[in-house]
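Every number in this text was worked out from the coordinates using simple rules, so none of it is lab data. Since this is a predicted model, take the numbers as computed values, not measurements. Don't worry about glycine lacking a Cβ; one is built from the backbone with ideal geometry, like all the others, and counts go over all protein chains shown.
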Amino acid sequence: MSATVLITGCSSGIGAATVRRFADQGWNVAATLRNPSAARFEPGAGRVEAFALDVTDQRSVDAAVARTLERFGQIDVLINNAGYGLFGPFESATPQAISRQFETNVFGVFAVTRAVLPHMRERASGVIINVASLTGLVAMPLYSLYAASKYAVVGFSESLSHELAPLGIRVKVIAPGAVATDFSGRSMARTFEGDGGPYAESIRKVVGTFEANRTAGGATPERLAQALYDAATDGSAQVRYVVGDDALAVMHSRKELGEEALLGALRQRFGLAP
Ligand SMILES: NC(=O)c1ccc[n+]([C@@H]2O[C@H](COP(=O)([O-])OP(=O)(O)OC[C@H]3O[C@@H](n4cnc5c(N)ncnc54)[C@H](OP(=O)(O)O)[C@@H]3O)[C@@H](O)[C@H]2O)c1
């Protein structure tokens, strides 16, 4: 019997590429997304099934997990990929915007993990992979809430990896640097209106630095899909996977310079040093 992976946020980017990667390897794929009619892969083709799943809606999470088990009989790997970025000054973020960021990026991961866990525990087998970000290991400016959400995902994943290891379930977390998806277009919310008022100058500098990095090119979604596939199948106890040349370079600098000097170097790079 083929192994089965359930992936969240498959409408585009990393999620859609990961559906293709696992399907190409002969896996059963429960490709979940908020709106299955927006699927960019072919639902129903081969062993790929598209199921509706909004990570902020517990009923849709439970229904998607139940339908996956009905269709494929088991879930070997869960990939919590759905997420979006909230960009801008913390001061201008509304309580609603803050809640929404955490409901999707953090509570969404909790909800899907809780729904799948009893099944994996009963089988004493499974791999849970959470997609965090480099910004969940080294925070970038004007992303305080996105960074907080991804730090939460990293902390959750690492602690849970200890808790579930004796039960035969491995938990892993992927920290990508920039990935060439439409994340900054379709999956970005802002905390501010107009030019950001008192923060306009900082916003301009930070956006300029990110743009320059983006044109230098990030990892492809296919590279992320391969990293997720490798993490699912490498049989290792490795928990953290840093992916992308930019992310690896930042982690290398942290090791070389030390934590405090890296923060100073980042502030310089973004033009935010006083
Ligand atoms: N691109 C990067 O540079 C980068 C870097 C580091 C980490 N990441 C992380 O990688 C993951 C995937 O991002 P991506 O780059 O592939 O961007 P993307 O193409 O915009 O994908 C984001 C996905 O999340 C889904 N999503 C958002 N809210 C959801 C919800 N409530 N329920 C279910 N799905 C939801 C979106 O679905 P809809 O189509 O319905 O909106 C979309 O499928 C995210 O967790 C992101 O934080 C990305």
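Normalised by the number of residues in the chain, the average gap of Cα pairs under 8 Å and 6 or more apart makes the relative contact order 19 percent.
If R0 is taken as 45 Å, the Cβ-Cβ distance between residue 220 and residue 90 corresponds to a FRET efficiency of 0.90. Helical content of the chain, expressed as a calculated mean residue ellipticity at 222 nm, amounts to -15000 deg cm²/dmol (DSSP H runs of 4 or more residues, -39,500 (n - 2.57) each, divided by residue number, nearest 500). The share of Cα pairs per 10 Å bin across the range 1-126, counted from zero up to the longest distance, runs 14, 44, 29, 10, 3, 0 percent. Label positions at residue 204 and residue 189, each projected 7 Å from the Cα along the C-beta direction, are separated by 2.8 nm.
Placing a label point 7 Å from the Cα of residue 230 along the Cα-to-Cβ line, the residues of the range 118-138 whose backbone N sits under 17 Å from it are 129-134. Separation of the range 92-164 from the range 10-36 is 20 Å, based on Cα centroids. Counting each pair of different Cα atoms once, what's the Kirkwood radius of the chain in Å, rounded to one decimal? Over the chain, the inverse of the mean reciprocal pair distance is 19.2 Å. One decimal place: the segment residue 265-residue 182 gains 27.1 nm when fully extended, by the rule 0.36 nm per residue minus the C-alpha distance. Compare the Cα positions of 244, 225, 261 along the charge dipole of the range 212-274 (+1 at Cβ of Lys, Arg; -1 at Cβ of Asp, Glu; about the Cα centre) and return the one farthest towards the positive end. Of the candidates, 261 comes out farthest on the positive side.
For residue 172, the aspartates and glutamates whose Cα comes closer than 18 Å to its Cα, not counting residues fewer than 8 places off in the same chain, are 76, 158, 163, 230, 234. Placing R0 at 51 angstrom, the Cβ-Cβ distance between residue 252 and residue 125 gives a FRET efficiency of 0.90 after rounding to 0.05.
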